[in-house]
Structure formats: C-alpha cells, structure tokens
Amino acid sequence: MKSDTFHMSMLFDFYGELLTDNQKKLFNLYYNEDMSLTELSEIAGITRQGVRDAIVRAETALRDTEDRLGLVKRYANIQRQTEEIARAASAIVAANAAGPRSREIAKQADLILQTAAKLSE
C-alpha cells in the first residue's frame, strides 16, 4: 500500500495539472493528506461513493498518461543511474586516495560527484 501511495503521489506530481480542479483537490487530500472518504465526502458535499469515483477517475487518468508518456518511469531510471554514477565516482576517489594520487583524477571524480548531486535535486 505504501509503495502504491508513493507511486500515485509521483504520478500526481508529474501529471496532476491534467486533472479537473475537483479531482486534484480530492486526490491531494486523499493521498497526500491521508483523509478518509467519509471526511472528503463531508468537505465536498457529495457521497462517499462520489468521492471514490472521482479519485478512481483521477487514478485512471494519471496511470493512462504515464502509460503513454512514461515520464515517472524515466525519472526513476535517471535517479537510479545517477546514484550508480555517484557510487562509481566515490570508488574512484577512494582508489585514487589509496594508491599513487592523481590531482586530475581527484578533480574529475569530484566534478562527477557534483554533477550527480545536481541531477538528484
């Protein structure tokens, strides 16, 4: 459940502006504020089923958009690859420190680490 909530929140971050104002409001309160369907129905002035239907439509729209565009998947892949680059650069720094030291290797490895950190922001 936690993983699905995170995934839906990521989809909302990327594609939320494509939803109607009502869908955005209900989706945000349900997933990000952890409000119940009963609480949301009181706020929205509609039935619990009406709230659930709006959230399900929003989920479907977000998933369909991700299936077509794949931006969240691409973002996750870039994050993983950036972490791999940072680990490799750290290993280079350690290997350079353990053996005969090269200022150029240290400088370039530091540049790689800085770039990886910027990409992770």
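Quick notes on this structure:
- 3J(HN,Hα) from dihedral phi, the range 93-110, Karplus parametrisation 6.51/-1.76/1.60, rounded to Hz, x for glycine, proline: 4, 5, 5, 5, 6, 7, x, x, 7, 10, 4, 5, 5, 4, 4, 5, 5, 5
- Straight-distance candidates among the aspartates and glutamates for linking to Lys24, with alpha-carbon spacing under 17 Å and chain neighbours fewer than 8 residues away dropped: Asp13, Glu33, Asp34, Glu39, Glu42, Asp53, Glu59, Asp64, Glu66.
- Taking every protein chain into account, the accessible area of the chain amounts to 69 square angstrom per residue (probe 1.4 Å).
- Packing rank of 69-79, 52-62, where each peptide gets the mean count of other beta carbons within 10 Å, highest leading: 52-62, 69-79
- To put it simply, the accessible area of the chain at a 1.4 Å probe is 55 percent carbon and sulfur.
- Only helices enter the 222 nm calculation for the chain: every DSSP H run of n ≥ 4 contributes -39,500 (n - 2.57), and dividing by all residues gives -26500 deg cm²/dmol, rounded to 500.
- Residues whose amide H comes within less than 5 Å of that of Leu19, counting only those at least five positions distant or on another chain, are absent (H built at 1.01 Å from N in the peptide plane).
- Rounded to the nearest Hz, the phi-derived 3J(HN,Hα) couplings of the range 32-45 under the Karplus curve 6.51 cos²θ - 1.76 cosθ + 1.60 (θ = phi - 60°) are 8, 9, 6, 8, 7, 4, 5, 4, 5, 5, 5, 5, 7, x, where x marks glycine and proline.
The values are calculated or read from the model by the stated rules, or taken from the named source; none is laboratory data. Every value quoted in this text rests on a predicted model; they were computed, and no experiment measured them. Note that each Cβ is placed from the backbone with ideal geometry, even for glycine, and that neighbours are counted across all protein chains shown. Ligands, DNA and RNA are stripped out before the accessible areas are found, and what is left, the full protein with its side chains, is counted by its heavy atoms. Shrake-Rupley method; radii C 1.70, N 1.55, O 1.52, S 1.80 Å.
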